[in-house]
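Following: one structure in structure tokens, then a few remarks.
Since every read-out is calculated from the coordinates, none of them should be taken as a lab result. None of these values were measured; they are calculated from a predicted model. Don't worry about glycine lacking a Cβ; one is built from the backbone with ideal geometry, like all the others, and counts go over all protein chains shown.
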Amino acid sequence: MPQPVGRYVYWSQRLVTEVIDDNGVRLDPRIKPALNLGLAGNGVSLAGRDQENTTFDIAEKLKKKLRKSIITDFSTLASGKLVQGSGHAEVAEFQTWGYPQHRLQQRTAVIHTQAVTREGRVDLCLFGSLKNLRGFAVPEEDSVGGWTSSAAPMIEEFIALRGAEVSTRTGREFPFDEEQLAVEILKVALSQGIYTDPADHLGRPETRAYTLLGFDATEYVALVYRDVVLTPGRWDFRVEPELEGVRRILIGAPLWMRTTRQDSIRRYFGENRVVIPRALGASRTPAIAPSQGTPPDHSHVLFRPSQDGEPTQN
């Protein structure tokens, strides 16, 4: 039976190169037989070499070189580590607003996928440049508007700093602890772009504004900035069924996402957008309140001003 043809839907050359350089991975070019012809030629020579490794070569060699460092069991906490997995992925354009001190320098994709462990559901929220989507011309604007997060400036700065402590100004404006921020990021990945009753959009990403595509990722490798474990009993997601059951939220950036199920790719933008009729008099963007939780433990806030009022070191 013929083997399925693979495709890299997302590939971050910048991040792949960083991981290669930072970990001393050598990608030796493959030896290619060269046929010598003519008076001086006497057969096949192994002197010739490929000009460069293919994308597939790089991915496979990187996984082999770092096989002891890449987490494949999502029961293991993964902050600051590489993870490898598979699962259905949904891609949207992250909507920013405001002027945080540290900003993303390009249009940014937010990619959501899930894993399940014995402890419960694990959600991955991965951010990277839209330019790294291979073979998709994403329009500048969506024909349908929808909800954007009130925490977007905080999220943008957090991602721009790769999960490091945010600036004094942003921290004062958004005094979230780690769990609160992780939940807000997951809400962006699952609900950004809704414009009617949230229940109308549940399980229908093609109806939400700013969604781009969905596909079965038969393999992905990502760098995790933060692995956030939600405190049992703290969160009440009864009014947000899409978040019900989540145990951990991983936030980071994908190196690559590959599929061998190209028939699973669904485009949501442009003429493929499905618009839900709005009820007469309904607001354009429904309000989504912060998720209900107990007050934060301020020993774990992402930013806490120093007592003398001076900004802390970023």
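Around the Cα centre of region 112-216, unit charges on the Cβ atoms of Lys, Arg, Asp and Glu (plus for the first two, minus for the last two) sum to a dipole of about 260 debye.
Our coupling estimate for region 171-184, obtained by passing each phi through the Karplus curve with A = 6.51, B = -1.76, C = 1.60 and θ = phi - 60°, is x, 5, 6, 10, x, 8, 8, 4, 5, 4, 5, 4, 5, 5 Hz, Gly and Pro reported as x. Treating r as the C-beta distance of D200 and V229 and R0 as 35 Å, the FRET efficiency rounds to 0.65. A cut-off of 5 Å between modelled amide H atoms, ignoring neighbours fewer than 5 places along the same chain, links A109 with F94, G128, S129, L130. In straight-distance terms, cross-link reach from K131 covers every one of the aspartates and glutamates whose alpha-carbon lies under 19 Å from its own, apart from those fewer than eight places away in the same chain; here that gives E18, E90, E93, E140, E141, D142, E156. Arranged from fewest to most other beta-carbon atoms within 10 Å of their beta carbon, M257, M154 become M154, M257.
Neighbour counts of C-beta atoms inside 10 Å place R103, R26 in the sequence R26, R103, starting with the fewest. Here's how it looks for V228: its modeled amide H is under 5 Å from those of I249, L250, I251, which are all 5 or more places away or on a different chain.
Using the Karplus relation 6.51 cos²θ - 1.76 cosθ + 1.60 with θ = phi - 60°, the per-residue 3J(HN,Hα) values for region 140-150 come to 5, 9, 8, 6, 10, x, x, 5, 10, 6, 5 Hz, with x marking Gly and Pro.
Once backbone amide H atoms are built at 1.01 Å from N, Y10 has R134, M257 as its partners under 5 Å, excluding neighbours fewer than 5 places away on the same chain. Couplings 3J(HN,Hα) of region 240-245, computed from phi: 10, x, 5, 9, 4, x Hz, in residue order, whole Hz [Karplus 6.51 cos²θ - 1.76 cosθ + 1.60, θ = phi - 60°; x for Gly and Pro].
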